[in-house]
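Okay, structure first, notes after.
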2 protein chains.
Amino acid sequence: MASSIHDLARHLNISIGTVSRALNGRADVNADTRQRVLEAAKKLNYSPNQSGRSLRQGATRSIAFMLQPHPGDQQYGEPFFIPFLTGLQARLADYDLDLMVVMGEPGQYQQERLRRVVETRRADAVVLANTRREDDRIDYLSKAGFPFATLGRSQSGGDTYPSLDIDFERAGDEAVDRLVARGHRRIAAIRPSHDLNFGYLFLDGYRKALKRHGIEGDPGLIADGFINEAGGYQVTADVMLSKDRPTAIIFNNDAMALGGCKALAEMGIRPGQDIAVTVIVDTPLCRYFSPALTAFRPALEPMGRRLAEMLLASLPAFAGPEGPRIIREVWPLELIARDSD
Amino acid sequence: MASSIHDLARHLNISIGTVSRALNGRADVNADTRQRVLEAAKKLNYSPNQSGRSLRQGATRSIAFMLQPHPGDQQYGEPFFIPFLTGLQARLADYDLDLMVVMGEPGQYQQERLRRVVETRRADAVVLANTRREDDRIDYLSKAGFPFATLGRSQSGGDTYPSLDIDFERAGDEAVDRLVARGHRRIAAIRPSHDLNFGYLFLDGYRKALKRHGIEGDPGLIADGFINEAGGYQVTADVMLSKDRPTAIIFNNDAMALGGCKALAEMGIRPGQDIAVTVIVDTPLCRYFSPALTAFRPALEPMGRRLAEMLLASLPAFAGPEGPRIIREVWPLELIARDSD
DNA sequence: TGTGTTCTCGTAAACGTTTACGGAAAAACG
DNA sequence: CGTTTTTCCGTAAACGTTTACGAGAACACA
């Protein structure tokens, strides 16, 4: 069935070395024989065995994407990642690279899965998502000298790896700006715990904007909870029970916002009328929720493409003439004004 | 950095053959030397190079999942697949198998990507999603003798491969049942075109139930459109313009239902009050939409696990003592009654 | 002691590539 | 025509495994 380079060589009565060189576009092969080799390859339906190639070249031509679902009872996981993955995969495919997806069990320690990928050399590089402020996966990869890139920043590992992130800080800032312009002064910020890095960034922007507007922050209006609907419900209920209620809430996660809106509904508080609600990362749920939630939307699919490019630029095998480059980018979000604020 | 089997052999002053046999649990190796090999492996942080293994064994220990986004302008892709992927990946990981994800460009011909995977032997088997009634991917894989399984049935390929599907027929039937019990007689069925197989299955169930209830179907109430929001909008508007309007609509896709509801809203028709709306495959969007949409929900994550098992059972290398088995399963959906009917 | 069996291990080939090296033939040059 | 350069190709090693084969040593048995 599958023909090898030996089959081609036998068929053409030349050596396998020549066949290989012809196929790989090496210069030291006669134009005529190259032609014959290519024709024979087509005729015998030859395509190179990736295992053989990987072994010889020490590169698998595949990139691993590590996706760790947040702990929780999510029925459907994070819609966030499909478009990102689409972009990532599309750009990798341009370079004939495969994408391997490694998902941990929700909440399970992912380090072990990562080690396996690295140590058995199943991938040439890794893309990490869900970066935490202190991320032992980053520490591990750095120490092991294994190439990687991250979706999201972290404090681990220094500036030694490419990373692409959403500008949560600016989004938090803008969200406050918009709410203040609409007359709000008591603005709550609700974000996930779990040491997820974006929660800190969001809060930075939130605080900066408050200060700029001369509003002194009320610590009671900042809260964090489990990054799912139940967590949002819980923490929102808590915040709304404080004696001096907020008139606006910024949620740093869509699932938490949904849970929060449920809590609000039970208290008879209507987003968009009695309270303003803004969500920092938009998902389709925000759009179809009633009232439709004003949210900040990232360009996920282009981000996937971009991170692939950044990763490749950092790999010696793919970097251009200037050699490998480490790039870090932070992308803005687009405000999608809807009905909840 | 990475130690090979040769390093172990040198370190222990024995041959690589013995090392390999010791690591692989072969019987013909002294218990004592095996112990020493295992200790050395741990000490030198050895783990087998997958490329070397693949080359020798002719198996890559990775499974490819082919996901082809439907054409359309979906911002976020299909939430359907994340939980399925989670289950699939989890079970494969139990067998130390990797998951490779191959996504076509939306609407792009996927055959080429598939051929590449097969011909370069990057995976040992393939899992297909979005099966069509006549599916050339299935024809190709069958002819090539390459192992695969499908999420969704097809008319192609006969009974030669494992497949797992949702019982769209029964869901269509039950949906009609429920609506008839609530007094509806004019029930529309809106489904995707594109030759997607589940659209046919759904319609079979729909028709069967109508006949059972002695309702003669109105062909004008059956319509298909593009499988996205715009398609649902369009075809729903058409159906509602017929002189004898339906009192209920069953949508065979969540995005189409959302678009349909938009059309209804513009006509001042309220789901749950003026018309009954049922969705055949539930997604989170159905739950958060307002009114929350009554929908049939599959157990996606368990289905992912199950399909992995079925695929493995069909592979000689993994099948139990009885040898490889071809299994086909159709899973029921659970009705989630909400507010739209 | 001789013969047969079992246990354990080393040797070497094989999987399908790529590539460093060297050599023969052809071309270029004087 | 002799020498040098260029062009082209074959040889063989290497990547890291697994495994068929065989052989030496130990053991059992008569």
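Remarks
- Two-site FRET efficiency, residue B:112 against residue A:331, from Cβ-Cβ distance with R₀ of 35 Å, rounded to 0.05: 0.65
- Antiparallel %, DSSP beta bridges [both residues in chain A], to 5: 10 percent
- Prolate/oblate/rounded call for the range A:168-297, Cα gyration tensor, a/c under 1.5 rounded: rounded
- Think of each Lys and Arg Cβ as +1 and each Asp and Glu Cβ as -1; about the Cα centre, that makes the dipole of the range A:5-48 roughly 60 debye.
- Sites listed here are GluC sites (Glu not before Pro) in the range B:168-238 whose DSSP assignment is loop and whose Cβ has at most 16 other Cβ atoms within 10 Å: B:216.
- Using a cutoff of 8 angstrom between alpha carbon atoms and counting only pairs six or more residues apart, the relative contact order for the range A:168-297 works out to 25 percent.
- Under the span-like rule (Cα at least 15 Å along the axis, Kyte-Doolittle mean at least 0.5), DSSP H helices of chain B: B:81-94, B:254-266
- Formal net charge of residues neighbouring residue B:87 (Cβ-Cβ distance under 9 Å; K, R +1; D, E -1): +2
- As a proxy for reagent exposure, ranking A:66, B:240 by other Cβ atoms within 10 Å from fewest up yields B:240, A:66.
- Dipole axis of the range B:109-223 (+1 Lys, Arg; -1 Asp, Glu on Cβ), positive-most option in B:128, B:223, B:154: B:223
- With a simple spin-label model that places each label point 7 Å from the Cα along the Cα-to-Cβ direction, the separation between residue A:267 and residue B:243 comes to 5.6 nm.
- Sorted ascending by nearby beta carbons within 10 Å, beginning with the fewest, A:289, A:226 become A:226, A:289.
- Rounded to the nearest 500, the helix-only mean residue ellipticity at 222 nm of chain B stands at -13000 deg cm²/dmol, with each DSSP H run of n ≥ 4 adding -39,500 (n - 2.57).
- Listed pairs A:211/A:262; A:211/B:262; B:143/B:208 exceeding 32 Å between Cα atoms: A:211/B:262; B:143/B:208
- Charge dipole of the range A:168-297 (Cα centre as origin; +1 on each Lys and Arg Cβ, -1 on each Asp and Glu Cβ, all else neutral): 400 debye, rounded to the nearest 20.
- Among A:200, A:206, the order by Cβ neighbours within 10 angstrom, fewest to most, reads A:200, A:206.
Throughout, read-outs are computed from the coordinates displayed, never taken from laboratory work. Only a predicted model underlies this, so the values are computations on that prediction, with no experimental measurement involved. For neighbour counting, all protein chains shown are included, and Cβ atoms are generated from backbone atoms with ideal geometry for every residue, glycine included.
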